[in-house]
Amino acid sequence: MRTRLNKILFDCQLWFPSMFFLQLLVSGGVDSTVCAALLHKALRRDQVIAVHIDNGFMRKNESKLVAESLQVLGLNLIIVNARHQFSEGLQNFVT
């Protein structure tokens, strides 16, 4: 297992050398969270910026929990409160 992790971390460093910077959308699901954690572990802290968009349609307090869990990892995280924009967009939706 350790060998597999080391290979993944090594591959990330090859794909994203130090002159690259990444913005990563994080939904709070397993896939995006694991991806963010691996990139954070493989690269410099300032190379990875995780963005979570709170669209207002998640479970109660889910965005807060996502933020807390990712900040525990030390991830550079930006949370965008877009609840109003998503809500406004639905008001004009015709079925």
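Within segment 17-50, count every residue that is farther than 21 Å from Leu70 by Cα and either touching a residue at least 12 places away in the same chain (Cβ under 8 Å) or surrounded by 12 or more Cβ atoms within 10 Å (Cβ to Cβ) (or both).
2
Restricted to segment 51-72, and to residues that are buried (at least 17 other Cβ atoms within 10 Å of the Cβ) and in a helix (DSSP H, G or I), which residue is farthest from the chain's Cα centre (by Cα)?
The selected residue is Ser63.
What do you reckon, is Val66 at pLDDT below 90 and β-branched (Val, Ile, Thr)?
yes
Given the conditions (1) modelled with pLDDT under 90; (2) within 12 Å of the chain's Cα centre (by Cα); (3) not polar (S, T, N, Q), which single one is not true for Ile79?
Condition (1) is where Ile79 drops out.
Checking the structure you have, find out if any residue of segment 73-86 is in contact with a Ser or Thr (Cβ under 6 Å, 6 or more places away or on another chain) and under 30 Å from Phe16 (Cα atoms).
Looking through segment 73-86, none of the residues is in contact with a Ser or Thr (Cβ under 6 Å, 6 or more places away or on another chain) and under 30 Å from Phe16 (Cα atoms).
When Gln13 is evaluated against the numbered criteria (1) under 9 Å from the mean Cα position of the chain (by Cα); (2) touching a residue at least 12 places away in the same chain (Cβ under 8 Å), which criterion, by number, is the only one it fails?
Here Gln13 clears every test but (1).
The values are calculated or read from the model by the stated rules, or taken from the named source; none is laboratory data. What you are looking at is a predicted structure, and each value in this text was computed from that prediction instead of being measured. For neighbour counting, all protein chains shown are included, and Cβ atoms are generated from backbone atoms with ideal geometry for every residue, glycine included.
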